[in-house]
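No value in this document is a laboratory result; all are computed from the given coordinates. As the structure is a prediction and not an experimental result, all values here were calculated from the model. Cβ: placed from backbone, ideal geometry, glycine included. Neighbour counts: every protein chain shown.
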Amino acid sequence: MSEFLGQVEFLDGKRDKSKIRTDAFKRDERMEALAELRDSNPEVFETMGTSVRMSLGYYENDKKIATEHGRDVTKGNN
């Protein structure tokens, strides 16, 4: 079902989901701190709730997409 919905076009054309996610990306120092915690102390990170770990995954995926579209994700307020 998702495969078919992903191919739907709107009246004004097909949506570029990666571009939309790139435009919406905002650097979040709390997520950066969580990523640092995951890398430096994985035992503590694993004790955190599932929603926190999933949020970090979404954030890092959006950050990766923004980087692929040429955004500088190393600065705040971008």
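In whole Hz, what ³J(HN,Hα) sequence does the range 23-35 give by Karplus (6.51, -1.76, 1.60; θ = phi - 60°), x for Gly and Pro?
Here the 3J(HN,Hα) series is 5, 7, 5, 10, 5, 10, 5, 5, 5, 4, 5, 5, 5 Hz.
For the range 29-69, compute Rh as the Kirkwood radius over C-alpha pairs and then the Stokes-Einstein diffusion coefficient at 10 °C and 1.306 mPa s; write the answer in µm²/s, rounded to an integer.
Reported coefficient: 150 µm²/s.
Between Met54 and Asp23, what is the FRET efficiency for a Förster distance of 25 Å, r being their Cβ-Cβ separation, to the nearest 0.05? Could the numbers behind the result be given before it?
Values: r = 22 Å, r/R0 = 0.89.
Efficiency, rounded to the nearest 0.05: 0.65.
For labels at Asp72 and Thr47 in the simple 7 Å Cα→Cβ model, what's the distance in nm?
3.9 nm
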